[in-house]
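The values are calculated or read from the model by the stated rules, or taken from the named source; none is laboratory data. On a predicted model such as this, the values are computed, not experimentally measured, just so you know. Positions of Cβ are generated from backbone atoms using ideal geometry, with glycine treated the same way; all protein chains shown enter the neighbour counts.
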Amino acid sequence: MSTRNSVLLAPSQHASAPAISRRLAIALLIPAFALSACYVIPVGPDGEAMYTLGVPYVVPPRSATGAPSGPYPGGPRPAALPVKLYPANDLANQTGVLTGQVTNMMTGKGRFTFNYQGETLVGEATRVANDERRGVASAYGSRGTFASCEYQMSSPRMGAGNCTFSNGAEYQVHIGS
């Protein structure tokens with residue numbers, strides 16, 4: 001019986017070394033497989049993915065006046081601007097001052113978002129043709145609330161205007177800080 005016990009014990013003692021090696025290999029392979037599909041993609045201030053393809057920085061050409069045309073080859077980058085809507089009638093006084101954000105894409109278009117009575121309104125702002133400063137903005141919420149706005153920019157990062165909501169509330173809008 002002692003021979004039998006030694007025969008039975010010998011394989012189990014030798015089996016522990018491969019079992020540890022196997023466990024170690026599995027423990028190392030699981031994170032390697034899990035992390036192999038992860039990518040980090042930079043996101044711009046407007047929420048869009050920014051892809052850089054390894055293009056070296058090129059000094060922008062000078063304009064006819066001799067001043068540089070801008071720090072970025074594709075033109076100015078989008079700017080996320082704070083928006084405050086101040087009540088302009090009694091109906092708007094019920095909700096008080098609203099805050100939101102407009103992202104000026106620097107192309108004559110922008111994205112407009114803010115909260116109104118617990119509903120997120122999202123829309124766009126567009127500059128009026130033949131007038132680089134004036135524009136209109138519209139926003140819509142999932143419960144059917146909408147706002148129509150007119151504004152005028154004093155600079156690419158500052159402006160003011162008026163908004164009228166579907167329930168009759170009116171606000172004065174201040175864009176930028």
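General observations
- Residues (modelled with pLDDT of 95 or more and within 24 Å of the chain's Cα centre (by Cα)) located in the range 165-177: Val173, His174
- Members of the range 96-123 found to be of a type outside the set (S, T, N, Q), surrounded by 15 or more Cβ atoms within 10 Å (Cβ to Cβ) and assigned to a strand (DSSP E or B), listed by number: Leu98, Gly100, Val102, Gly110, Arg111, Phe112, Phe114, Tyr116, Leu121, Gly123
- Cβ separations smaller than 9 Å between residues 6+ apart or across chains give the following pairs from the range 109-136 residues that are in contact (Cβ under 8 Å) with a residue 12 or more places away in the chain to residues that are of a type in the set (Asp, Glu) and not in a strand (DSSP E or B): Arg111/Asp46.
- Taking the range 134-151 as the range and being surrounded by 14 or more Cβ atoms within 10 Å (Cβ to Cβ) and either more than 14 Å from Gly100 (Cα to Cα) or out of contact with any strand residue (DSSP E or B) (no Cβ under 9 Å at 6 or more places or on another chain) (or both) as the test, the residues that pass are Arg134, Gly135, Val136, Thr145, Phe146, Ser148, Glu150, Tyr151.
This table checks each residue for (1) at pLDDT 95 or above; (2) not in a strand (DSSP E or B).
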position	(1), (2)
Thr126	no, no
Asp131	no, yes
Gly135	no, no
Ser148	yes, no
Ser154	no, no
Cys163	yes, no
